[in-house]
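Bear in mind these aren't lab numbers, they're just calculated from the coordinates by the rules spelled out. Keep in mind that what you see is a predicted model, and the values were worked out from it rather than measured. Because the Cβ atoms are built from the backbone with ideal geometry, glycine has one as well, and the counts that use them run over all protein chains shown.
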């Protein structure tokens, strides 16, 4: 009886973060290449169905109830593209905390004028 030495090597937290970042970027590349528009629109549809009270934040979405109405609305499609663009910027700068922070600060500032509150972002 005795202990056999483990062949498992431990990876530092920094290496794990780097690996996680690369994995996120690889998956995101796949999403961008094949599903970019659909993911943005599906996000908006899911958001409106899960949190209908948030529709009031989009004047053009307040009366859209059916999925096909949301999906075919030009302003929704435009906003979905902007969401995907912002996600793309964040993921492309996943290792640059200051750049990500600036992107998110600008996002918050641009939404402040529409009376979007920090708590509204919590659902995301």
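Once the Cα atoms are used to define both axes, helix 36-50 deviates from the longest principal axis of the chain by about 70 degrees.
Would you calculate a helix-derived [θ] at 222 nm for the chain, using -39,500 (n - 2.57) for each DSSP H run of n ≥ 4 and dividing by the full residue count, to the nearest 500? Show your work: numbers first, answer last.
Working: 6 runs with 83 residues, N = 124.
About -21500 deg cm²/dmol.
If you bin all the Cα-Cα distances of region 83-124 at 5 Å, starting from zero, the percentages per bin are 5, 23, 26, 27, 15, 4, 0. Relative to the current alpha-carbon distance between residue 110 and residue 74, full extension at 0.36 nm per residue lengthens the span by 10.9 nm. The peptide list 80-88, 116-124, put in order of mean Cβ contacts within 10 Å with the highest first, becomes 80-88, 116-124. Working value for the chain: equivalent-ellipsoid semi-axes of 37, 18, 15 Å, each the square root of 5 times a Cα gyration tensor eigenvalue, largest first.
The C-alpha atoms of the chain define a longest principal axis, and helix 97-112 lies at about 20 degrees to it.
Report the gain in length on full extension from residue 53 to residue 25: 0.36 nm times residue separation, minus Cα-Cα distance, nm rounded to one decimal. Please report the intermediate quantities before stating the final value.
Numbers: separation 28, 0.36 × 28 = 10.08 nm, distance 3.25 nm.
Taking residue 53 through residue 25 to full extension adds about 6.8 nm, to one decimal.
Measure nothing but the geometry: give the 0 to 90° angle between the long axis through the Cα atoms of 13-34 and the longest principal axis through the Cα atoms of the chain, rounded to 10°. Orientation of helix 13-34: about 40 degrees from the principal axis. The slack between residue 43 and residue 124, meaning 0.36 nm per residue of separation minus the straight C-alpha distance, is 28.2 nm.
Relative contact order, whole percent, for region 16-122 stands at 29, derived from Cα pairs under 8 Å and 6 or more residues apart.
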